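The values are calculated or read from the model by the stated rules, or taken from the named source; none is laboratory data. Being a predicted model, the structure only gives us computed values, none of them experimental. Here the Cβ positions follow ideal geometry from the backbone for every residue, glycine too, while neighbour counts run over all protein chains shown. What goes into the accessible areas is simple: the full protein's heavy atoms, side chains included, and nothing from ligands, DNA or RNA. Shrake-Rupley method; radii C 1.70, N 1.55, O 1.52, S 1.80 Å.
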Amino acid sequence: AAAALLAFLIANPYALLDLQSFHRELVHQSTLSAEAQGKLGAPRHGGVVYYLWSLTWGLGWVPALAALGGAVTIWRSDSRLGWLLVPAPLVFLAFMGLQGRYFGRWLMPILPIICLLAAFSIVQLGGALAAIAVRRRGAAVSVTEDEPGVTPARSPGVPWVRGIVLAALIAAALVQGLVYSIHSGLVLSRADTRNLTRAWMLAHIPAGSAIVAEPVSPDEWAHQVRPGTSTALNSYQWKKYPSLVSRISATGAVIQATRQVGIENYERTLSPALIGYYAMHGYCWVLSGSTQSGRAFADPAAVPQAIAYYRELARRGEVVYRSSPYARGQRAVPFGFDWSFDYYPLAYERPGPQITIYRLHGGRCPR
């Protein structure tokens, strides 16, 4: 415990040097993690179940099952080591699983311990399997020695057999992580869908045109880019509708009164009445991204006006451009705060959300 505390203070010195800020931010994080209904589209089937599921892909099926075996068998070999390694991940899982929000990345602090348990299990299993193989080989050799005209085979030693068995078990434990790590690297090496979309917009949407862009990328994305300058300080390439401003009344009508909202509440600013409002004010280009619309369709009962908005947009808007992160012939991955952003599924070919640009007609938007 003393070593753990010392290591924590070395890695996080301001936890002690600025204790007031540390405590304030810790309380802030704790408040957010306990806010079950604050994040639209977040999973609702229980934190413990979600974290156990996330181990099957965040670590891998074989390492996860090996860690479970290690947690059970370690007490027979060295109970002191068991007391050191087993309680921590169990307590962490129980505590984090009771929070209102849960994401796979929040499990990362205990992954090193789980890896140690998996390694312990694999070494123990490798030794047991090697001993069985040697005993069977030895029994076969003893039988052939009594047969006339048969030269006895040389029985391989335990270290040699154990090395082969351990290599096979280690390969089985690492293959899933290796495949998906290479996949992730290849995906992230390619152009993001937002880059491709912006390049298309530069070629097809005149500078200064009024656009509506969902908050699927930083605001600087809509600014002009000039070498040697800060993008954030440059002027806008297009006239951008203030997406994080709500103009919607309780009935779903558009009103002139506005209020600023955070990105978590963007979907609650939407209503089908906005489509006519865009066209009437000359916002003829509407950009929609799956990392925003997906939140609404993951929990449609929470934002019925947003669902109606997207259906109205698809009905009245003409699709002029689409950029997909998926390989040809692959189905879209259902929205989730892990797999929509870390690109784990093999269906992904490039990073970024699925983006659709609509062209509105009517009002101040001529054909």
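Observations
- Student exercise, the range 240-330 dipole from Lys, Arg, Asp, Glu Cβ charges, in Debye to nearest 20: 140
- Only the Cβ atoms of Lys and Arg (+1) and of Asp and Glu (-1) were treated as charged; on that basis the dipole of the range 321-367 about its Cα centre amounts to roughly 480 debye.
- Farthest positive-ward along the chain dipole, Cα basis, beta-carbon charges - from Pro304, Thr231, Trp200: Trp200
- Using the Cβ-Cβ distance between Leu68 and Tyr14 with R0 set to 56 Å, the FRET efficiency from 1/(1 + (r/R0)^6) comes to roughly 0.90.
- Label point distance in nm, Met108-Thr251, each placed 7 Å from Cα along Cα→Cβ: 4.9
- Extension gain (nm, one decimal) between Arg268 and Arg76, 0.36 nm per residue minus Cα-Cα: 63.6 nm
- Summary of the geometry: the range 314-367 and the range 16-85, compared by the centres of their Cα atoms, lie 33 Å apart.
- Candidates Leu117, Leu174, Leu16: whichever shows maximal mean-square fluctuation once the chain is modelled as a Gaussian network with Cα springs under 10 Å: Leu16
- Charge dipole of the chain about the Cα centre (unit charges at C-beta), most positive-ward option of Gly60, Val286, Val187: Val286
- Cβ-Cβ FRET estimate between Val319 and Arg44, R0 fixed at 45 Å, reported to 0.05: 0.90
- GNM result for the chain, Cα springs below 10 Å: residue of Gln99, Gln29, Gln176 fluctuating most strongly: Gln29
- Within the accessible surface of the chain, defined with a 1.4 Å probe on protein heavy atoms only, the carbon and sulfur portion equals 64 percent.
- Estimated from the Cβ-Cβ distance and a Förster radius of 51 angstrom, the FRET efficiency linking Ser21 and Arg135 is about 0.25.
- Of all DSSP beta bridges in the chain, antiparallel share, percent nearest 5: 75
- Here the label points at Gln330 and Trp53, each 7 Å from Cα along the C-beta direction, are separated by 2.0 nm in the simple model.
- Whole-number accessible area per residue in Å² for the range 50-112, which is evaluated in the context of all protein chains at 1.4 Å: 56
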